[in-house]
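Participant: I'd like to ask some things about the structure below.
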């Protein structure tokens, strides 16, 4: 399908608290290089900046980032700041805290609740902002309860450093626990057509019932995860792609968006052409039969 004139509004909109965003956005992790998290070839700076500016031109107003998205030469937050500041009024930049990386790129231990203010302030400094639109607490395996950590972020929200809160890498019980502390506007979990997970399926359903955004990561990457977009596509995905004159990656994004009006897609890329293809996927309308065929192979 042609992607030349298709913009992000084709996917529709959702509201994160009081912030309206198009349902297809941009994940910033791939901006830093060919492999995430310090290893691999660093990105070309001009190309990464071009991706960000093209995203804005295509109507993308939801960018997902983190201070720990950096490679040996590139920082996603710094690229966003350099490319887009002063920021458009409708641009929503969301970030996440919890994991920690040293300057060497090595992962540190999970943050303690008292560490989270420093994580938030680092994102503010790198992005050049006086508040963050949405901050996710990314739950790490080290701790099961989210109440204490989420409570620390709720205090920063009350102090005006954060506008809205979300949680990531969680189960439905963690959502209920967080909601007992402060409002949750979005949940971010791994979710893809070829990554079945009954717990996350239940979480997606609960979010829909409660009007909470569900924001999958690795929807295009699949089992490749942080290594990049998968090249292994189910035959049903390939068949539907042929029928729509689309790429398999576009069908994966379209399938994701069709899982509910509260589902937001944040495919990442460091390539302006791939960005245009990703945004164009928001215009693909899958039939009920196609959705049935695509979903049948999940379990």
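The values are calculated or read from the model by the stated rules, or taken from the named source; none is laboratory data. All of these numbers come straight from a predicted model, not from anything done at the bench. Neighbour counts are summed over all protein chains in view; Cβ atoms, including those assigned to glycine, are modelled from backbone coordinates with ideal geometry.
Participant: Residues to consider are 35, 85; find the one that is in contact with a helix residue (DSSP H, G or I) (Cβ under 9 Å, 6 or more places away or on another chain), surrounded by fewer than 23 Cβ atoms within 10 Å (Cβ to Cβ) and at pLDDT below 95.
Facilitator: Numbers: 85 fails: at pLDDT below 95.
From the options 35, 85, the qualifying one is 35.
Participant: Could you check, for the range 11-26, whether at least one of its residues is assigned to a helix (DSSP H, G or I), over 15 Å from the mean Cα position of the chain (by Cα) and modelled with pLDDT of 90 or more?
Facilitator: Pass one, the range 11-26, residues assigned to a helix (DSSP H, G or I): 11.
Still in the list and also over 15 Å from the mean Cα position of the chain (by Cα): 11.
Next, only the ones that are modelled with pLDDT of 90 or more stay: 11.
Within the range 11-26, one or more residues are assigned to a helix (DSSP H, G or I), over 15 Å from the mean Cα position of the chain (by Cα) and modelled with pLDDT of 90 or more.
Participant: So which of 228, 211, 245 is farther than 23 Å from residue 262 by Cβ and either modelled with pLDDT of 95 or more or over 19 Å from the mean Cα position of the chain (by Cα) (or both)?
Facilitator: Numbers: 228 fails: either modelled with pLDDT of 95 or more or over 19 Å from the mean Cα position of the chain (by Cα) (or both); 211 fails: farther than 23 Å from residue 262 by Cβ.
Within the list 228, 211, 245, the selection yields 245.
Participant: Could you list all residues from the range 252-274 that are outside any helix (DSSP H, G or I) and over 14 Å from residue 191 (Cβ atoms)?
Facilitator: The initial filter retains those residues of the range 252-274 that are outside any helix (DSSP H, G or I), namely 258-271.
Within the range 252-274, 261, 268, 269, 270, 271 qualify.
Participant: A further question on this structure: If you go through the range 54-67 one residue at a time, do you hit one that is farther than 30 Å from residue 9 by Cα, in contact with a strand residue (DSSP E or B) (Cβ under 9 Å, 6 or more places away or on another chain) and touching a residue at least 24 places away in the same chain (Cβ under 8 Å)?
Facilitator: Among the residues of the range 54-67, not one is farther than 30 Å from residue 9 by Cα, in contact with a strand residue (DSSP E or B) (Cβ under 9 Å, 6 or more places away or on another chain) and touching a residue at least 24 places away in the same chain (Cβ under 8 Å), which makes the answer no.
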